[in-house]
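Participant: Handing you this structure, nothing more for now.
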Amino acid sequence: FRLTRDFLAGEGLEISPELLNIDAAIAAQERVMKSAWSSFWVPTAGLKWDISDILWEGGEGTEDSGQQMYKADNTTWSVGINLSLPIYSGGSKKAEFAKARKELRSLTIYRDALSERIEQRIRSTLHIAGSSHAGIKLARKSAEAANQNLRIVTDSYASGIISILDLLDAQNAAVIADQLAANSVYDFLIDYMNVQRAIGSFDILAPEKESLRLERLGRYLDEKRVEN
């Protein structure tokens, strides 16, 4: 069970949507910090171009007093390239880089804390599910004992040894024990669904995915046995 907890905790951390989201934020912040760092020595480049042409002109004052298309010789154009590298910016670049680095550090710390919370949640739900699973067997044994006691009390009542109140108490205890035995199964299923929710994958609803996870778990347990 300890090895199973280790395996499922690792699975949950690998596929957790929360961690995937924060990982994307960290990757984006790393690009921001890289951009802030490169701004110290990479110039800003600009390209501008312009073209103008009169495609059609007609009316009074034009050549031949008619309408004509202008030739390509009358087309004007310009192209400009600009490179700039501010040597002094009042410390703004340094401040931007420091801010980006601190935000990245903050995201990294938050991810570590989030990872610990997710792992703690997975392991806690596994312990609860393990306890409720063991409770199924105990509840069934309790129901068997209560029903066996009911049979004995019923025979004793038929022989006139005990009163009707003792019989009613035994019947009530047997009914409650049977209900607890039935509910113990549903309690375990609820706890197991909480495990699936903590992991972030409801494989119980997808038999093929659950089968693949069981195969990975089997290989993991085999590897650990070999190591030990």
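Participant: When only C-alpha pairs under 8 Å and at least 6 residues apart count, what is the relative contact order of the chain, in percent?
Facilitator: 26
Participant: So, one more: Largest first, what is the accessible-area ranking of 76, 4 with a 1.4 Å probe?
Facilitator: Reading off the accessible areas and sorting them downward yields 76, 4.
Participant: Please list, in order along the stretch 96-112, the HN-Hα scalar couplings obtained from phi with the Karplus expression 6.51 cos²θ - 1.76 cosθ + 1.60 (θ = phi - 60°), rounded to whole Hz, x for Gly and Pro.
Facilitator: The phi angles translate into 5, 5, 5, 5, 4, 5, 5, 5, 5, 4, 5, 5, 5, 5, 4, 5, 4 Hz.
Participant: Of 21, 78, 3, which is farthest towards the positive pole of the chain's charge dipole, taken about the Cα centre with +1 and -1 on the beta-carbons of Lys, Arg and Asp, Glu respectively?
Facilitator: 3
Participant: Please give the charge dipole size of the stretch 1-57, origin at the Cα centre, charges +1 on K and R Cβ atoms and -1 on D and E Cβ atoms. Round to the nearest 20 debye.
Facilitator: 380
Participant: Here is a follow-up. Net charge around residue 40, counting only other residues with Cβ within less than 14 Å of its Cβ (Lys, Arg = +1; Asp, Glu = -1)?
Facilitator: +3
Participant: How large is the dipole of the chain about the Cα centre if only Lys and Arg carry +1 and Asp and Glu carry -1, each at its Cβ, rounded to the nearest 20 debye? Before the final figure, lay out the partial values.
Facilitator: On the way: 27 positive and 32 negative charges, 272 e Å.
Value, rounded to 20: 1300 debye.
Participant: Determine the order of 23, 191 by accessible area, beginning with the largest, at a probe radius of 1.4 Å.
Facilitator: Descending order: 23, 191.
Participant: Another one. Per residue of the stretch 14-23, in order, report the coupling 6.51 cos²θ - 1.76 cosθ + 1.60 (Karplus, θ = phi - 60°) as ³J(HN,Hα) in whole Hz, putting x for Gly and Pro.
Facilitator: 3J(HN,Hα) across the stretch 14-23, in whole Hz: 6, 10, 4, x, 5, 6, 4, 5, 6, 5.
Participant: Another question, then. Any idea of residue 83's accessible area? Nearest 10 Å², probe 1.4 Å.
Facilitator: In the full protein context, residue 83 sits at about 120 Å².
Participant: Given (i) -0.71; (ii) -0.88; (iii) -0.96 as candidate values of log10 I(q)/I(0) by the Debye sum over Cα atoms at q = 0.13 Å⁻¹, which corresponds to the one derived from the coordinates?
Facilitator: (iii)
Participant: What nm value, rounded to one decimal, do you get for the distance between residue 105 and residue 163 when each label is placed 7 Å out toward the C-beta?
Facilitator: With each label point 7 Å from Cα toward Cβ, the separation is 7.8 nm.
Participant: Just want the answer: with Cβ charges of +1 for Lys and Arg and -1 for Asp and Glu, which residue in 160, 120, 195 is farthest toward the dipole's positive end in the chain?
Facilitator: Positive-most Cα among the choices belongs to 160.
Participant: Still on this structure, I have one more. Return the sequence-ordered ³J(HN,Hα) values of the stretch 179-191 in whole Hz as given by the Karplus equation 6.51 cos²θ - 1.76 cosθ + 1.60 applied to θ = phi - 60°, using x for Gly and Pro.
Facilitator: For the stretch 179-191, the Karplus curve yields 5, 5, 5, 5, 5, 4, 5, 5, 4, 5, 5, 5, 5 Hz.
The values are calculated or read from the model by the stated rules, or taken from the named source; none is laboratory data. Just so you know, these numbers come straight off a predicted model, no measurement behind them. Every residue, glycine among them, receives a Cβ derived from its backbone with ideal geometry; neighbour counts consider all protein chains shown. SASA here: full protein model, heavy atoms, side chains in, ligands and nucleic acids out. Shrake-Rupley method; radii C 1.70, N 1.55, O 1.52, S 1.80 Å.
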